[in-house]
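Everything on this sheet refers to the single structure shown next.
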Amino acid sequence: MHRVWVFPIVLFAALCFSSYGASSATPDFSTSVRPFLKKNCLACHNDQAKVGGLSLSGYQTTADMVANRDLWDRVSERIKNGEMPPKGMPQPTPADAAAITGWIDGVFDQIDKSTPPDPGRLTAHRLNRFEYNNAVHDLLDVDFKPAADFPNDDSGYGFDNIGDVLSISPVLMEKYLAAAEKIAKRAIPTGALPTPTRDKVGNHHVPKYGPEPVGEYIRYKVANEADYTIRAVISGKREPLLITLFVDNVHVKDAIFDDSDNERSRFIEFPMHLTAGEHRLAARLRRTILVSELPKPPDLRFINQRPGKQKTAEPPPPTPRVDYFEMQGPYHPLPAPPTEAQKRIHVCADKTVACAETMLRPVAYRAWRRPVKDAEVRKLAKFITLAEESGDTFDQGIRLALEAILVSPDFLFRIERDPRPHDPSFTHPVTDFELASRLSFFLWSSIPDEILLHAAAEHTLHQPAVLKAQTARMLKDERSSRFVNSFAGQWLELRNLDSIRPDPDKFPQFEDLRDDMRTETRMFFEAVMREDRSTLDFLDGKYSFLNQNLAEFYGVPGIKGNEFRRVELDGAQRSGVLTQASVLTVSSYPTRTSPVIRGKWVLENLLNAPPPPPPPNVPALVDGEVGTKVSLREQLEKHRANPVCASCHSKMDPLGFGLENYDGIGQWRTMDGKFPIDSSGKLPSGKSFTTPAQMKEILRSNPDAFAQCMGEKMLTYALGRGLERYDRPAVKKIVARLAANDYRFNELVSGIIESLPFQMRRGEGETHVTETIAQAHHP
């Protein structure tokens, strides 16, 4: 955490605000804030009581307050939100509360205006797995995912593209070397026909098709026209199944899958002849006979139980599904047409060093995202000479040079250079090429394209009109769907859907809905982005994207078929992301809802006001009693009886109870067991609601709170670093611009791209404190 401006701020405040005490007509800390504290806060937050571990007794002057700005920012925020003083204690008048928070905020705003702007700096940023795969694809049109077996990326501040946590290990370096070799072989295959191999296709699951074979699919690129065997690997409950294979949206084959007699057989194979090029694969599973007609299996839930030991039931196996495909082949291959990478690289026909340099320069230029020096090109071309001296071919030498490009730090890292790296007072714009990389990795999670690099080479990318045009172009490009998958997938926690395992006894329909839940939210986010709609639609946009499966789950009539389509909603039960099944599922327990988790989700992801960690040794609720002996609301009332716990739960629980009409996977309900649902709540601000729709109206009534949350989240993602105190002025400008333009999505993106921290950087190290202190004492 950088604190480069702390000392100048404290000194500035001590000098500039000392004049407040000289005039009785001008309020200062001692005449305005201190009396407010004495009347409303010090009874609990004093040196003896220290409720919540906080004492405000020692703060006497403006300089004292400024020296602990983070604390006083929180104090101001909690007074604004009506959280402090807590309910049951005497409350200040709204006018008094507004006057105090306005004065505190005004002091800090004045300091921000008088403090030299600090854009911060980015560390050398290693490409994460998602960025690596995209970069390889965009560079060489290689469609397999070479980073699939890389170690998982760490996350920070809610995202996995944070430079400070993207370390590199010896194991990862070995993976880079192996991946570069595989990529080079695929990009520039030898003249020999390939031998059969087995490739795993699909990360987590295979999209399922309904009666109309449209929608999602898995892409697989075939290099050689040949015979292949498509193996569908199946998991879940063992029972006879009918599996239907779709290739390129065409129903091509059916097969009966029955593994009841073979404990090891969990796949079925389809021999196919495939032409060269990209193909789309999907599958559908159906029971061959009704479940009621199947013989009942023996009850294995109580096996291996010792006499007298309490018997516990094991959950039934999950619904069958196709986890992934394996492609085996090619068999009897035909010669492959030139790959796209070969077309891009072989720009000249001569097999000379000069030709090799001509081939390699543009590849390195795009891979390294900067101009390439002649000496660097000559070093790459030496691989051709080395290969030929070893008896290999010219193309094998090109492959070696390509491997060198891919394992270079200039490809694996986003490196930005400072003219004066050890001078933190020297701020400067990033270069046009560095700005091009910031843009492309923000919106595409990949390297810049030729158009972006051309603007960088022309030194026009910093021009506002050019930057605005490039931003609009990139948002319309198909590659911006990666922004949806990466940013929205982490902001809304959609990625967690892959690991969620709701209780199949209580929620048997979940496995058939998992993919549809994800698709709905992804398409909703993409619609807001591509149509440049208001970001407030995320709170209560009265439309969504449904297919028949999800519409029936929601109780929306008139939707037939597997295809997702836009559906207008009345907002009574569904509107915005907060009432979409994906969000409601990831914020629940496997067996039941959790108002605490859902309230915490709203605070963290929509209001950017995460509660502190819970105290240790908090007892868990007795799940078996919820809905039978006592309602969940009654249990939680007892759970938060502790006043220390109540301060946080008063923020979380009302928001969570406002979503109690939705069960653990998001289906609407009016009863929880034998108890009627009570979705009413009262927020610390004093505003009350009785339905989810009314709660969302309250959230929307304070649009700037959500706008600031989304602005901070997206700026964090765009920069690849956590935000610091010195970023607050930039966030304020982004939010103000967003509010002035009807909260349009493109204005949020443009505000971030045009912001100081996105376009500039500074050197590393401690600030020039001595010089600033001297100037403060001798203004």
**OP:** Hey, can you tell me all the residues within segment 365-376 that are of a type in the set (Gly, Ala, Ser), closer than 26 Å to Ser440 by Cβ and open to solvent by 30 Å² or more (accessible area, probe 1.4 Å)?
**Re:** none
Original post:
Among the numbered criteria (1) of a type outside the set (Lys, Arg); (2) open to solvent by less than 30 Å² (accessible area, probe 1.4 Å); (3) over 18 Å from Thr93 (Cβ atoms); (4) within 31 Å of the chain's Cα centre (by Cα), which single criterion is violated by Val75?
Top reply: (3)
Subject >> Hits in segment 712-722 (condition: outside any loop (DSSP other than H, G, I, E, B) and either open to solvent by less than 10 Å² (accessible area, probe 1.4 Å) or touching a Ser or Thr at 6+ places or on another chain (Cβ under 6 Å) (or both)) >> reply: Met714, Leu715, Tyr717, Ala718, Leu719
Original post:
In the list Ala97, Ala178, which residue meets the criterion of being within 30 Å of Gln396 (Cα to Cα) and either in a helix (DSSP H, G or I) or not basic (Lys, Arg) (or both)?
Top reply: Ala178
Original post:
If you check every pair at least six apart or on different chains, which have Cβ atoms under 6 Å apart with a residue in segment 52-74 that is in contact (Cβ under 8 Å) with a residue 24 or more places away in the chain first and a residue that is of a type in the set (D, E, K, R) second?
Top reply: Thr62/Asp28
**OP:** Would you point out which residue out of Ala124, Ala179, Ala148, Ala187 is within 26 Å of the chain's Cα centre (by Cα) and buried (at least 21 other Cβ atoms within 10 Å of the Cβ)?
**Re:** Ala179
**OP:** Six or more apart or on different chains, Cβ under 8 Å: which pairs go from a residue in segment 380-394 that's more than 15 Å from Val363 (Cβ to Cβ) to one that's among the charged types (D, E, K, R) and open to solvent by 50 Å² or more (accessible area, probe 1.4 Å)? Could you list them?
**Re:** Phe394/Lys351; Phe394/Glu388
Original post:
Cβ-Cβ below 6 Å, separation at least six or inter-chain, first residue in segment 18-41 and of a type outside the set (Val, Ile, Thr) and modelled with pLDDT of 85 or more, second open to solvent by 50 Å² or more (accessible area, probe 1.4 Å) and in a loop (DSSP other than H, G, I, E, B): which pairs?
Top reply: Phe29/Thr61
**OP:** From Gly52, Gly88, grab the single residue that is open to solvent by 20 Å² or more (accessible area, probe 1.4 Å), assigned to a helix (DSSP H, G or I), over 30 Å from Ser446 (Cα atoms) and not charged (D, E, K, R).
**Re:** Gly52
Original post:
Which one of these is open to solvent by 20 Å² or more (accessible area, probe 1.4 Å), within 24 Å of the chain's Cα centre (by Cα) and among the charged types (D, E, K, R): Arg598, Arg574, Arg514, Arg530?
Top reply: Arg530
Subject >> Pairs with Cβ under 8 Å, 6+ apart, first in segment 734-760 and farther than 15 Å from Thr716 by Cβ and outside any loop (DSSP other than H, G, I, E, B), second open to solvent by 50 Å² or more (accessible area, probe 1.4 Å) and of a type in the set (Asp, Glu) >> reply: Ala739/Asp704
**OP:** Working carefully through the options Thr61, Thr93, find the one that is modelled with pLDDT of 85 or more, of a type in the set (S, T, N, Q) and buried (at least 18 other Cβ atoms within 10 Å of the Cβ).
**Re:** Thr61
Original post:
If you go through segment 74-81 one residue at a time, do you hit one that is out of contact with any Phe, Trp or Tyr (no Cβ under 8 Å at 6 or more places or on another chain) and small (Gly, Ala, Ser)?
Top reply: yes
Original post:
Got a number for residues in segment 712-735 being farther than 18 Å from Arg762 by Cβ, of a type outside the set (A, V, I, L, M) and within 14 Å of the chain's Cα centre (by Cα)?
Top reply: 4
**OP:** Among the residues of segment 658-711, write down those that are assigned to a helix (DSSP H, G or I), open to solvent by less than 10 Å² (accessible area, probe 1.4 Å) and not charged (D, E, K, R).
**Re:** Pro692, Met695, Phe706, Ala707, Cys709, Met710, Gly711
Original post:
Quick one: how many residues across segment 154-176 are under 30 Å from Cys709 (Cβ atoms) and either touching a residue at least 40 places away in the same chain (Cβ under 8 Å) or open to solvent by less than 30 Å² (accessible area, probe 1.4 Å) (or both)?
Top reply: 12
**OP:** Starting from segment 395-417, take each residue that is closer than 18 Å to Ala436 by Cα and among the β-branched types (Val, Ile, Thr) and list its partners that are open to solvent by 40 Å² or more (accessible area, probe 1.4 Å) and assigned to a helix (DSSP H, G or I), counting only C-beta distances under 9 angstrom and pairs at least six apart or across chains.
**Re:** Ile415/Pro409
**OP:** Could you grab the pairs with beta carbons closer than 9 Å, sequence gap of 6+ or different chains, first residue in segment 129-148 and at positive phi, second one among the basic types (Lys, Arg) and at pLDDT below 95?
**Re:** Asp141/Lys221; Asp141/Lys343; Asp141/Arg344
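Condition check ((1) at pLDDT 95 or above; (2) under 23 Å from Met695 (Cα atoms); (3) small (Gly, Ala, Ser)) across all residues:
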position	(1), (2), (3)
Asp515	no, no, no
Asp537	yes, yes, no
Gly541	yes, yes, yes
Ser575	yes, yes, yes
Gln580	yes, yes, no
Arg598	yes, yes, no
Leu606	yes, yes, no
Pro610	no, yes, no
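The values are calculated or read from the model by the stated rules, or taken from the named source; none is laboratory data. What you are looking at is a predicted structure, and each value in this text was computed from that prediction instead of being measured. Cβ: placed from backbone, ideal geometry, glycine included. Neighbour counts: every protein chain shown. Accessible surface areas use protein heavy atoms only, side chains included; no ligands, DNA or RNA. Shrake-Rupley method; radii C 1.70, N 1.55, O 1.52, S 1.80 Å.
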